[in-house]
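**Q** Have a look at this one.
Nothing in this text is a laboratory measurement; each read-out follows from the coordinates by a stated rule. Predicted, not measured: the structure shown is a model, and the values here were computed from it.
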Amino acid sequence: MEIRKFIKENLTSTNWSGGTTTQLYIYPENADFTSRQFDFRISTATIDVESSDFTPLKGFERKLLVLSGNLELEHAEHHSKKMVPFEQDYFLGEWQTKSRGKAVDFNVIYRAGMETHLFAKTLVSGESISFNTDKGLFIYVFSGLVRIGNQTAQTGDLVEVFAKDSIAVFAEMDSTICTVEWKKEI
């Protein structure tokens, strides 16, 4: 098993018109989100205003999961979805999207055609969960402290795991995690 940890203190947060966003991971790793020269990005965001418009991202697909708060996404001419914590929505980046409500969310943005799976789980202290995957796996600790192999990760950390066998995440204390499975190939 190969593990790489991205520590909260080393991640980049920026302000946007409705709150803050923290880039947890971008691929390729020297890519630039602003110029849209990337293939895959994981981030969290706070939405601190009652209503905001999402930045259009033509050529990308998005998955957004609510971590706290309540959020409604309206995709003009497509669908609307009201979400509470741990619910998610999928949409195309070029859709005109408006949000209503204050929340903290977890975002996965990727080039059209990539395969991704997004999952969130709350673990009580002493509980573990296993993943069997042939893809890359990211584990984001929204709250708490978990052990993955010989590494621990705490609130705000992101862990990238490559394993040919089962991957176990053990909660050292009550914890909430988000996981993203993905393949780099388009």
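**Q** Taking the chain as a Gaussian network, where each spring joins two C-alpha atoms under 10 Å apart, which residue of ASN132, ASN107, ASN70 fluctuates the most?
**A** Checking each option, the largest mean-square fluctuation is seen for ASN132.
**Q** Hey, another quick one. Using square roots of five times the C-alpha gyration tensor eigenvalues, list the equivalent-ellipsoid semi-axes of the range 10-111 in whole Å, biggest first.
**A** So the equivalent ellipsoid measures 21, 16, 12 Å along its semi-axes.
**Q** Here's something else I'd like to know. Provide the gained length on full extension for the span LEU92 to TRP16, in nm with one decimal, where the gain is 0.36 nm per separating residue minus the Cα-Cα distance.
**A** So the extension gain works out to 25.3 nm.
**Q** Follow-up. For the chain, what size does the Cα cloud have along each of its three principal axes, sorted from largest down, in whole Å?
**A** 45, 33, 29
**Q** Then there is this: If you wrap a convex hull around the alpha carbons of the range 125-186, what volume per residue comes out, as a whole number of Å³?
**A** 72
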